[in-house]
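Beneath this line is the structure, given in structure tokens, with notes to follow.
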Amino acid sequence: MQQLLDAFGINWSLLIAQAVNFAIVLVALWYFLYTPVLAMLAKRRDIVAKGVEDAACAGEMLADADGEAQMRIKAADGEADRIVSAARESAGAEKVRLLKEAEARAAALTKDAEAHASEAAARALRASEREIARLAILAAEKVMRAKV
């Protein structure tokens, strides 16, 4: 066997030294590289998992907020409809009141105008009666002067 190893140029002491160096490098890489990389990957996996959970929670919160917003919008629509109907009823009542008030004013103005018209007619009648009387007297005087 020694001849075979010598034929291939294998030196036992050098082979053992290389095996020890390989083991030292393997342990050093394991300790300084592989373990921290695995820890970093686990940490990132936890961060990604937390991000996914947070995104799911945010989606649920968004859905809840949308539902609440829809409820508030429906409530606001109902309140707006109630306010509009109350305003229409109030406007209708105000319209009726204003119409009655306008009709009362119109009736009062009509009555006042009729009173003024009848008074003016009475004055005109009295004035024409006086004028007729004066003209009758003048005509009688003229007739009497002509006869005398």
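Tabulated results
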{"quantity": "Top positive-direction residue, dipole computed over the chain with Cβ charges, set F32, V143, V20", "calculated": "V143"}
{"quantity": "Magnitude of the charge dipole, the chain, Cβ model with Lys/Arg +1 and Asp/Glu -1, debye to 20", "calculated": "1680 debye"}
{"quantity": "Rounded to the nearest 20 debye, dipole of segment 73-148 from Cβ charges on Lys, Arg, Asp, Glu", "calculated": "740 debye"}
{"quantity": "Cα-based helix-to-principal-axis angle, 35-147 vs the chain, degrees rounded to 10", "calculated": "10 degrees"}
{"quantity": "Neighbourhood charge, 14 Å Cβ-Cβ cut-off, centred on S85 and excluding it, Lys, Arg +1 and Asp, Glu -1", "calculated": "-2"}
{"quantity": "Selection of chymotrypsin sites (Phe, Trp or Tyr not before Pro), segment 30-71, meeting DSSP coil and at most 16 other Cβ within 10 Å", "calculated": "none"}
{"quantity": "12 Å beta-carbon shell around I47, net charge (K/R +1, D/E -1)", "calculated": "+1"}
{"quantity": "Angle between the chain longest axis and helix 12-29 axis [Cα atoms, degrees, rounded to 10]", "calculated": "20 degrees"}
{"quantity": "Cα-Cα separations in the chain greater than 25 Å, expressed as whole percent", "calculated": "79 percent"}
{"quantity": "Charge-dipole axis of the chain as Lys and Arg at +1 and Asp and Glu at -1 on Cβ define it, positive-most pick from A107, G51, A121", "calculated": "A121"}
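Any read-out appearing in this document is the output of simple, stated calculations on the displayed coordinates, not a laboratory observation. If you're wondering where the values come from, they're calculated on a predicted model, not measured in any experiment. A quick note on method: Cβ atoms are made from the backbone with ideal geometry, for glycine too, and the neighbour counts reach across all protein chains shown.
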